[in-house]
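The values are calculated or read from the model by the stated rules, or taken from the named source; none is laboratory data. Everything quoted here is computed from the prediction, not taken from an experiment. Positions of Cβ are generated from backbone atoms using ideal geometry, with glycine treated the same way; all protein chains shown enter the neighbour counts. Only protein heavy atoms, including side chains, enter the accessible area calculation; ligands, DNA and RNA are left aside. Shrake-Rupley method; radii C 1.70, N 1.55, O 1.52, S 1.80 Å.
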Amino acid sequence: MPPFLNGDSAVGHYFGLEIDGTMLKDIMEVSNLTFEQEVVELKQNTADGKYSIIKMPGRYKAGNFTVTRGYTADSVLEKWHQESVKGNMKMARKGGAVIVFDYTGMATARIKFTNAWCSKIELGPFKAGDTSPMTEKGTIEYETLEPSP
């Protein structure tokens with residue numbers, strides 16, 4: 001992946017969601033990609049009797065993120081969600097990545113996730129006379145999330 005030149009920020013011209021090797025297209029937005037770990041507070045008295053709190057890094061926290069795309073006949077997210085609804089977690093848990101592409105189609109960032117499953121599908125908006133596109137939002141639960149070179 002190309003490095004960012006001259007300290008410029010990344011610009012996501014379009015995004016992809018790769019799920020077990022299958023690329024999901026028409027992604028409009030990816031939100032809430034969060035790398036987080038617990039904070040452990042150690043409360044103690046110092047040698048001279050003063051109370052102190054030391055904050056230390058704790059365990060890594062699993063989380064979720066949301067993918068929004070134009071609603072199409074492609075039902076990959078809906079099928080993925082149905083596997084967990086049926087209780088078939090062996091088929092529902094998948095690995096993959098969120099991929100950011102620049103204007104030339106070159107991948108500029110890749111964020112890998114593991115043991116992920118789709119916990120929620122939201123369709124809409126359903127609004128008479130509205131000309132905005134219908135969207136499909138999927139909430140993806142993951143166990144680990146890491147940037148990939």
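A109 is checked against (1) assigned to a strand (DSSP E or B); (2) out of contact with any Gly (no Cβ under 9 Å at 6 or more places or on another chain) and fails just one. What number does that condition carry?
(2)
Only residues that are under 17 Å from C118 (Cα atoms), assigned to a strand (DSSP E or B) and free of Cβ contacts under 8 Å to residues at least 40 places away in the same chain: list them for the stretch 30-47, please.
Of the residues in the stretch 30-47, the ones under 17 Å from C118 (Cα atoms) are 30-34.
Next cut, assigned to a strand (DSSP E or B) only: 30-31.
S31, the sole residue that qualifies.
Residues that are small (G, A, S), in contact (Cβ under 8 Å) with a residue 12 or more places away in the chain, within 20 Å of K137 (Cα to Cα) and in contact with a strand residue (DSSP E or B) (Cβ under 8 Å, 6 or more places away or on another chain): does the stretch 109-123 have at least one? Break it down stepwise before answering.
Start the filter on the stretch 109-123 by keeping residues that are small (G, A, S), which leaves 109, 116, 119.
In the following step, the residues that additionally are in contact (Cβ under 8 Å) with a residue 12 or more places away in the chain were identified as 109, 116, 119.
After this cut, where a residue has to be within 20 Å of K137 (Cα to Cα) as well, the list is 116, 119.
With in contact with a strand residue (DSSP E or B) (Cβ under 8 Å, 6 or more places away or on another chain) added as a condition, the list becomes 116, 119.
Yes, there is a match, as at least one residue in the stretch 109-123 is small (G, A, S), in contact (Cβ under 8 Å) with a residue 12 or more places away in the chain, within 20 Å of K137 (Cα to Cα) and in contact with a strand residue (DSSP E or B) (Cβ under 8 Å, 6 or more places away or on another chain).
Taking the stretch 128-149, which residues are loosely packed, with under 14 Cβ neighbours inside 10 Å and more than 21 Å from A73 (Cβ to Cβ)?
Let us first name the residues in the stretch 128-149 that are loosely packed, with under 14 Cβ neighbours inside 10 Å, namely 128-134, 146-149.
Passing the criteria: A128, G129, E146, P147, S148, P149.
Applying the selection to the stretch 112-133, what residues are in contact with a Gly (Cβ under 7 Å, 6 or more places away or on another chain) and hydrophobic (A, V, I, L, M, F, W, C)?
F113, A116, C118, I121
Please list, ordered by first then second residue, the pairs with beta carbon atoms under 6 Å, 6 or more apart or interchain, first in the stretch 1-28 and of a type outside the set (S, T, N, Q), second at pLDDT below 85 and surrounded by 13 or more Cβ atoms within 10 Å (Cβ to Cβ).
Final answer for the pair search is H13/D102.
So in the stretch 1-29, with the set limited to residues that are outside any loop (DSSP other than H, G, I, E, B), modelled with pLDDT under 90 and among the charged types (D, E, K, R), which one is nearest to G96 (Cα to Cα)?
Checking each candidate, the answer is K25.
From the set of residues in the stretch 46-63 that are more than 19 Å from L33 (Cα to Cα) and in contact with a Ser or Thr (Cβ under 8 Å, 6 or more places away or on another chain), which is most open to solvent (accessible area, probe 1.4 Å)?
Pass one, the stretch 46-63, residues more than 19 Å from L33 (Cα to Cα): 46-58.
Narrowing further to those that are in contact with a Ser or Thr (Cβ under 8 Å, 6 or more places away or on another chain): 46, 52.
Values: T46: 56, S52: 27 Å².
This residue is T46.
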